[in-house]
Structure formats: structure tokens, C-alpha cells
Amino acid sequence: MGETRRKFSREFKIEAVRLVTEGGQTIAETARELGINPSLLGRWKQQLTDNGEQSFPGKGRMKPLEEEVRRLQRELKVVRQERDFLKRATVFFARESK
């Protein structure tokens, strides 16, 4: 069987990044001490730099902008379906009235 993925809390990730940025150690050294892959720690550092407080929303939640994009995509899909239905209905009734 495959390994189960380890899950890290938001606080753990922030603290790990803080150790790198404020502790004066390299990513590799800090990762080795914490028992995680250096590339993972580097990714966390980049995410925290890019997104600030919105980093690591956790448990399947998305960042607010991503949630808004997904909501708008669903709404657009519905509006397109309604438009296509109305086009077909217009063609149907135009034929019937001849």
C-alpha cells in the first residue's frame, strides 16, 4: 500500500517559514530539522510571500478570489444554457409562424 500523506496545520507551516526567514538558517537545514522535504518548505515560503494572510486556507477551502471565479464560472454556464435555449425557441417559433 502507498504511504498516507502527512497533513500540516496552517500554524505549523507559518512557523516553519518563520524559522527560515527569521532564524537565519537555510531552507534545507530547517527542513531537515523538521523532517520535511526542502522543496515543500520552499513552496510554503513562496505561498506565504505571494498570498500573505490568505495562504494555507486548509480543508478544501479556496482563496476568496478562487471562490469568486468558480462562482462566476457556474453562473456563466447557466446563462449560456439559457441563451442557447432561447435561440432554439426563437428558431422553432419562427418556423411555426410561417
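The values are calculated or read from the model by the stated rules, or taken from the named source; none is laboratory data. Here the structure is a predicted model, which is why all the values come from computation and not from measurement. Positions of Cβ are generated from backbone atoms using ideal geometry, with glycine treated the same way; all protein chains shown enter the neighbour counts.
Evaluate the following for Gly52: is it of a type in the set (Gly, Ala, Ser), more than 17 Å from Glu11 (Cβ to Cβ) and at pLDDT below 90?
Spelling it out, it is not the case that Gly52 is of a type in the set (Gly, Ala, Ser), more than 17 Å from Glu11 (Cβ to Cβ) and at pLDDT below 90.
Among the conditions (1) modelled with pLDDT under 90; (2) assigned to a helix (DSSP H, G or I); (3) surrounded by 12 or more Cβ atoms within 10 Å (Cβ to Cβ), the only one that Gly42 does not satisfy is (1). Looking at segment 2-9, is at least one residue among the small types (Gly, Ala, Ser), assigned to a loop (DSSP other than H, G, I, E, B) and surrounded by fewer than 14 Cβ atoms within 10 Å (Cβ to Cβ)? So far as segment 2-9 goes, yes, one or more of its residues are among the small types (Gly, Ala, Ser), assigned to a loop (DSSP other than H, G, I, E, B) and surrounded by fewer than 14 Cβ atoms within 10 Å (Cβ to Cβ).
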